[in-house]
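Structure incoming, see below.
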Amino acid sequence: MFEDWYLSELISKKIRDIWKLTDYYLLRLIHDILKKTEIDLFLKNPITINDIIEKKGYSQNVFSSLKWMFDRLVLDGYLQINDDKYSLTSKVMEYELDEIKNKSYKEAPDSIAAFNMLKLMADNYPDYLAGKKTGVDIIFSPENINITNEYYSNNLFYNVHNIAGAKILNYDMEGRNNPTVIEIGGGLGGGTKQFLLQRLAENKKIDNFKYYFTDIANKMLRNTRKDLLLITPNLSAFDFKKLDFNISLKEQDFPENSADIIWGVNAAHVAYDLKVSLTQLYKTLKPGGSLIISETVRPIGNTMIQQEFILNTLQDYWKVKLDDIRPRYGFMDWKFWINALEKIGFSKVETIPDMEKLEKIYDNCYVTIIRGIK
Ligand SMILES: C[S@@+](CC[C@H](N)C(=O)[O-])C[C@H]1O[C@@H](n2cnc3c(N)ncnc32)[C@H](O)[C@@H]1O
């Protein structure tokens, strides 16, 4: 039902074309990082990551970031790997940063936030590798925060998560009478804004439901409220409440069996113990209630998701519990999500639209909505 919409409107031709350019841009940035740090000199001969770490005096903490960059270059043939030893190939890096960025800007000004964020990270990577800066220093420092905010709130590639999640939320709400909705990990409110904008565009009411916008950070609640007021003065259906989904929701005044819908955009994967959090969400839903989660997933043709270049630098990214429902760090395959919700006890678990069908047509379907019913 939503398959055509997904491939024609959501992941539009513009996104498909420009996404390739961001990938070329990233390859060039990684190439330049290796040059700036003189790691490229070591790579003239086969060498392991641990040997590079030792020779450069880096901490083991940067192992995964280095491995990710090397593996990304291997995918496009700039490096080769044999027995855990990496070395340069003869392939020459021909992509030019400004040329790619200007071309993208001309075709899609709203793609620029992604380029700016990648560049910000790359400029700081030598310091990050040398232990002079952490990912948090780079991403959340006052002088860089605008680039980060733009990346999450005004970014062609990221906004698809908000648009898709809100669309399925609105679809699910259609059959419900005065539903109670809880948004988890709402952050800067990108999903909420889309939810409201879609309702207003379709002349749907914005006060025939109860909406709890939640996040673990109070600052997010205040900022999002302000931003939503720019869209409409009527926020009578909205409440802004702090909620930590790593612990009991009941003890945070969200009673069991009280919500018709719980939804979140790129929030659920942040949970420390996914089993615990999904169980809490399950308990909070009424029987027949929906859990709707919009998540970045690992597409079959793009298993190394660009965002990882950024997220790899954050300690929190690695501080989650792995188990049978979360078998790996970071973004999961959509099939893992289906399995996770089913194991918790949700029924009729599905991706909307149907990823099985989509993947046969396009191999970079990097966003999906997983819905399960209690
Ligand atoms: C990747 S961001 C997504 C934010 C927003 N939904 C979006 O798509 O822009 C994850 C959000 O989860 C929040 N968060 C992190 N840990 C949380 C927790 N234990 N409980 C609730 N929210 C949490 C963060 O503050 C952040 O706003």
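Cβ contacts < 9 Å: first residue over 28 Å from Y152 (Cα atoms), restricted to the stretch 244-266; second residue at pLDDT 95 or above and hydroxyl-bearing (S, T, Y), any location; separation 6+ or different chain. Result?
Here the result reads K250/T284; P255/T284; E256/T284; N257/T284; S258/T180; S258/T284, each pair linking the stretch 244-266 to a residue that is at pLDDT 95 or above and hydroxyl-bearing (S, T, Y).
Further question on the same structure: Please specify each residue of the stretch 260-317 satisfying the condition of being of a type in the set (A, V, I, L, M, F, W, C) and farther than 26 Å from V62 by Cα. First the steps, then the outcome.
Let us first name the residues in the stretch 260-317 that are of a type in the set (A, V, I, L, M, F, W, C), namely 261-263, 265, 267-268, 270-271, 274, 276, 278, 281, 285, 291-293, 297, 300, 304-305, 309-311, 314.
I261, I262, W263, V265, V276, L278, L281, L285, L291, I292, I293, I300, listed by residue number.
Enumerate the helices (runs of 4 or more DSSP H) found wholly within the stretch 6-100, keeping only those where 2 or more residues are in contact with a strand residue (DSSP E or B) (Cβ under 7 Å, 6 or more places away or on another chain) and surrounded by fewer than 18 Cβ atoms within 10 Å (Cβ to Cβ).
Output list is empty.
Out of the residues in the stretch 177-214 meeting the condition of being surrounded by fewer than 22 Cβ atoms within 10 Å (Cβ to Cβ) and of a type in the set (D, E), tell me which one is nearest to L278 (Cα to Cα).
So, considering only residues that are surrounded by fewer than 22 Cβ atoms within 10 Å (Cβ to Cβ) and of a type in the set (D, E), the one nearest to L278 (Cα to Cα) is D207.
Which members of the stretch 228-243 meet the condition of being in contact (Cβ under 8 Å) with a residue 12 or more places away in the chain and over 14 Å from E183 (Cβ atoms)?
Within the stretch 228-243, I231, T232, N234, S236 qualify.
Only one of these conditions is not met by R72: (1) at pLDDT 95 or above; (2) farther than 30 Å from I361 by Cα. Which number is it?
For R72, the failing item is (2).
May I ask you to verify whether D123 is surrounded by 14 or more Cβ atoms within 10 Å (Cβ to Cβ) and either away from the ligand (no atom under 16 Å from the Cβ) or touching a residue at least 60 places away in the same chain (Cβ under 8 Å) (or both)? I'd like the intermediate steps shown before the answer.
Numbers: surrounded by 14 or more Cβ atoms within 10 Å (Cβ to Cβ): yes; either away from the ligand (no atom under 16 Å from the Cβ) or touching a residue at least 60 places away in the same chain (Cβ under 8 Å) (or both): yes.
Yes; evaluated as a whole, the condition is true for this residue.
Does L88 count as more than 25 Å from A114 (Cβ to Cβ) and either within 25 Å of the chain's Cα centre (by Cα) or hydrophobic (A, V, I, L, M, F, W, C) (or both)?
In short, yes.
Being hydrophobic (A, V, I, L, M, F, W, C) and over 16 Å from Y171 (Cα atoms) narrows it down to one of L197, L249, so name that one.
Numbers: L197 fails: over 16 Å from Y171 (Cα atoms).
Exactly one residue qualifies, and that residue is L249.
A quick yes/no check of all residues on (1) more than 10 Å from the ligand (Cβ to nearest atom); (2) over 22 Å from the mean Cα position of the chain (by Cα); (3) assigned to a helix (DSSP H, G or I):
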site: Y151; (1), (2), (3): no, no, yes
site: H161; (1), (2), (3): no, no, yes
site: G187; (1), (2), (3): no, no, no
site: K219; (1), (2), (3): no, no, yes
site: L229; (1), (2), (3): yes, yes, yes
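Within the stretch 307-333, restricting attention to residues that are among the charged types (D, E, K, R) and assigned to a helix (DSSP H, G or I), which residue is surrounded by the fewest Cβ atoms within 10 Å (Cβ to Cβ)?
The selected residue is D316.
So which residues in the stretch 259-273 are within 9 Å of the ligand (Cβ to nearest atom) and not hydrophobic (A, V, I, L, M, F, W, C), if there are any at all?
G264, N266, H269, Y272
Here is a yes/no grid of residues against (1) surrounded by fewer than 18 Cβ atoms within 10 Å (Cβ to Cβ); (2) assigned to a loop (DSSP other than H, G, I, E, B); (3) in contact with a helix residue (DSSP H, G or I) (Cβ under 7 Å, 6 or more places away or on another chain):
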position	(1), (2), (3)
Y272	yes, yes, no
K335	yes, no, no
N339	yes, no, no
K357	yes, no, yes
C365	no, yes, yes
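Right, something else. Do you know which residues across the stretch 245-258 are touching a helix residue (DSSP H, G or I) at 6+ places or on another chain (Cβ under 7 Å) and either near the ligand (Cβ under 10 Å from one of its atoms) or under 21 Å from V320 (Cβ atoms) (or both)?
Scanning the stretch 245-258 gives F245, N246, S248, L249.
Also: Got a sec? Which of K85, K67 is within 18 Å of F309 (Cα to Cα) and basic (K, R)?
Just one listed residue meets the conditions, K67.
Filtering the stretch 232-244 down to residues that are within 16 Å of the ligand (Cβ to nearest atom) and farther than 9 Å from Y211 by Cα, which residue is surrounded by the most Cβ atoms within 10 Å (Cβ to Cβ)?
Of everything passing the filter in the stretch 232-244, L243 is surrounded by the most Cβ atoms within 10 Å (Cβ to Cβ).
Report yes if some residue within the stretch 295-305 is in a helix (DSSP H, G or I), of a type in the set (G, A, S) and either exposed (fewer than 15 other Cβ atoms within 10 Å of the Cβ) or within 14 Å of the ligand (Cβ to nearest atom) (or both); otherwise report no.
Within the stretch 295-305 (the criterion being in a helix (DSSP H, G or I), of a type in the set (G, A, S) and either exposed (fewer than 15 other Cβ atoms within 10 Å of the Cβ) or within 14 Å of the ligand (Cβ to nearest atom) (or both)), the answer is no, since none of the residues qualifies.
Here's a follow-up. Given the residues I338, I369, which is the only one that is within 15 Å of the ligand (Cβ to nearest atom) and within 22 Å of F2 (Cβ to Cβ)?
The match here is I369.
For the stretch 78-101, state whether one or more residues are within 20 Å of T48 (Cβ to Cβ) and basic (K, R).
yes
For the stretch 172-185, what are the residues that are near the ligand (Cβ under 9 Å from one of its atoms) and either not small (G, A, S) or not assigned by TED's automatic domain parsing to the domain that holds S294 (or both)?
Within the stretch 172-185, the first condition is being near the ligand (Cβ under 9 Å from one of its atoms), and the residues that meet it are 183-185.
Within the stretch 172-185, E183, I184 qualify.
The values are calculated or read from the model by the stated rules, or taken from the named source; none is laboratory data. Predicted model, so just to flag it, every value in this text is computed and none were measured. Because the Cβ atoms are built from the backbone with ideal geometry, glycine has one as well, and the counts that use them run over all protein chains shown.
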